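One structure below.
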Amino acid sequence: MMTVDTLNQIVCGDARLLTPQLSPHLVDFVLWDPDYGVGIDYGLGKIERDKALEFVVELLPWLRRACRSGQAVVFWSGSVERVNAFLSSPIHDIWPIHYMGIWHKTNNAPASGDGINRGFETWFWLKDGPKPRAEWSRISDVLSDSRILSTFHESAGHPSQKPVRLCERLVRFFTQPGQIVLDPTAGSGSSLVAARRCGRQYLGFEINPVYVETCRRRLNRTKPQESFDHILYTQPNLLEGL
């Protein structure tokens, strides 16, 4: 019988109900891309800006309880207002914020109302205790990758889909093969696909049944494979002309 603790599955349900059911110290790493409250409808209505941060604060104690390593990455909007709100929220008291990195979008999002093309989002490393040894010993705090457009082969029909390769770099930096990655709001499943590609176990929750089926289809056609990105950090000249 499958339970909320059963690994290598995507569970359809509300993370606010499912995360409290997770066993303590079940997973090794939390990789989370929550709704930032930027007005996108993911099929269940839009979440207001203040409610988005409340949602993160509500889930974090349960996620911290479930994570044995004390390591998590949370993506968040790059606007000054939202970053300040994140940093000044109770999050730091629940799970200390250790570092802030950037996802550099190599193909900018359309300009905002002030005429500035949106070329990055932030990611926060939450750290409670020493970082365990992982597959990769180094990573840049600026991770460059294109945002997924509907015309891309990787596109799964999700309005804010993260690139698998972006998630894969974080998975390899924070975990070793065979360890367990958790995403409490999996969306199109990029974090889980990255975990599977890296030879990790995974567990995801998603409230929208359409995206749950999308996740399952993507996972079913994903096989573990060797990392290629490590060449970027060890022998960059090998990539020339590729």
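Spot the failing condition for Val210; the list is (1) in contact with a strand residue (DSSP E or B) (Cβ under 8 Å, 6 or more places away or on another chain); (2) within 17 Å of Gly13 (Cβ to Cβ), and only one is missed.
Among (1) in contact with a strand residue (DSSP E or B) (Cβ under 8 Å, 6 or more places away or on another chain); (2) within 17 Å of Gly13 (Cβ to Cβ), the lone unmet condition for Val210 is (1).
For the range 216-234, enumerate the residues that are farther than 14 Å from Val164 by Cα and either basic (Lys, Arg) or at pLDDT below 55 (or both).
Arg216, Arg217, His230, Ile231, Leu232, Tyr233, Thr234
Can you find, within the range 77-130, the residue that is farthest from Asp141 (Cα to Cα) among those that are part of a strand (DSSP E or B) and among the basic types (Lys, Arg)?
Arg118
Hey, which of the helices (runs of 4 or more DSSP H) in the range 145-220, taking only ones fully inside, have at least 2 residues that are among the hydroxyl-bearing types (Ser, Thr, Tyr), crowded, with 16+ Cβ neighbours inside 10 Å and touching a helix residue (DSSP H, G or I) at 6+ places or on another chain (Cβ under 6 Å)?
It comes to 190-197.
Out of curiosity, is Arg118 surrounded by 14 or more Cβ atoms within 10 Å (Cβ to Cβ), free of Cβ contacts under 8 Å to residues at least 60 places away in the same chain and over 17 Å from the mean Cα position of the chain (by Cα)?
yes
Mind checking which residues of the range 172-222 are over 18 Å from Leu22 (Cβ atoms) and of a type in the set (Asp, Glu)?
Within the range 172-222, Glu213 is the sole residue that qualifies.
So which pairs qualify, if the first residue must be in the range 67-90 and farther than 15 Å from Val56 by Cβ, the second must be at pLDDT below 95, the Cβ gap must be under 8 Å, and the two must be at least 6 apart or on different chains?
If the second residue must be at pLDDT below 95, the pairs left are Gly78/Arg118; Gly78/Phe120; Gly78/Glu121.
Restricting to the range 121-143, what's the tally of residues that are surrounded by 15 or more Cβ atoms within 10 Å (Cβ to Cβ) and in contact with a strand residue (DSSP E or B) (Cβ under 7 Å, 6 or more places away or on another chain)?
Of the residues in that region, 8 qualify.
The values are calculated or read from the model by the stated rules, or taken from the named source; none is laboratory data. Quick caveat: nothing in here was measured; it's all calculated off a predicted structure. Don't worry about glycine lacking a Cβ; one is built from the backbone with ideal geometry, like all the others, and counts go over all protein chains shown.
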